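Just so it is clear, none of the values below were taken in a lab; they were calculated from the coordinates. Predicted model only: the values in this text are computed from it and were never measured. Neighbour counts run over all protein chains shown; Cβ positions are idealised from the backbone, glycine included.
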Ligand SMILES: Nc1ncnc2c1ncn2[C@@H]1O[C@H](COP(=O)(O)OP(=O)(O)OP(=O)(O)O)[C@@H](O)[C@H]1O
Ligand SMILES: [Mg+2]
């Protein structure tokens, strides 16, 4: 069975794409088949995080009916399957997202979990990504503006019948100037299922164009993503030092699924 899980937030820049990618890397470390899809079609970033800005077929081509959605799937050297969106300005019209619900079921069987990286806010793009998903993970930073906006995203999930699995708090510094985890849970009335520390390795990994869970598997952020993945699939996370793999090839390979 294929489960569709959206990673959403009210406020922008809180760490959705980082979470979508690194949760996916962590889940695949636990042996799960995962695909990440970039549903932020006006300002997509997923391919940029992976150092593959230009691929021949993107989600945009599938939304326009030009290609089957499976033709837009690629394999990253980490083992992740990804469906990027086009970064071209001429493809930035967000109306195309209306077709998402129609084409997503065609990915059934391609992976156990399809993680949908949503656009921020409550606009058309975010709402269609939420509506097309079975479950949602809400990302917030531990500050009042992010949490206030997260509450609106949770309400939107409720309206669309998308089950909120919980909240992931990212860029957590554990200092006196941020909201406590308990406070966040009280405001949002949802459990915090992951706490990702503020970690400079995330910035380094963006520079290296790889998920931090792949470039720095033993960093604090990577370990926190592994704990989040373990929590979601009901497994126990056992800390182990992972050998760093060679980062020799960043180019995505076409998957060429059978339709
Ligand atoms: N745990 C972390 N520690 C430090 N920096 C982080 C962390 N998580 C994310 N960042 C940084 O925050 C910035 C925004 O992250 P990201 O692109 O994942 O956010 P987003 O919510 O997807 O943004 P958008 O709303 O624009 O799609 C990036 O520069 C990223 O490297
Ligand atoms: Mg993003």
query = For the range 20-48, how many residues are under 28 Å from residue 218 (Cβ atoms), surrounded by fewer than 24 Cβ atoms within 10 Å (Cβ to Cβ) and near ligand 2 (Cβ under 10 Å from one of its atoms)?
reply = 3
request  = Quickly run through the range 188-207 and pick out the residues that are assigned to a helix (DSSP H, G or I) and either free of Cβ contacts under 8 Å to residues at least 12 places away in the same chain or buried (at least 16 other Cβ atoms within 10 Å of the Cβ) (or both).
outcome  = 188, 200, 201, 202, 203, 205, 206, 207
Scan of the range 185-199 for residues that are within 16 Å of ligand 1 (Cβ to nearest atom) and under 24 Å from residue 129 (Cα atoms), ordered by number = 192, 193, 194, 195, 196
note = In the range 208-224, anything near ligand 1 (Cβ under 9 Å from one of its atoms) and either in contact with a helix residue (DSSP H, G or I) (Cβ under 6 Å, 6 or more places away or on another chain) or in contact (Cβ under 8 Å) with a residue 24 or more places away in the chain (or both) is listed as 212, 221, 224
ask   = Among the residues of the range 49-65, which ones are more than 16 Å from ligand 2 (Cβ to nearest atom) and surrounded by fewer than 17 Cβ atoms within 10 Å (Cβ to Cβ)?
value = 54, 56, 64, 65
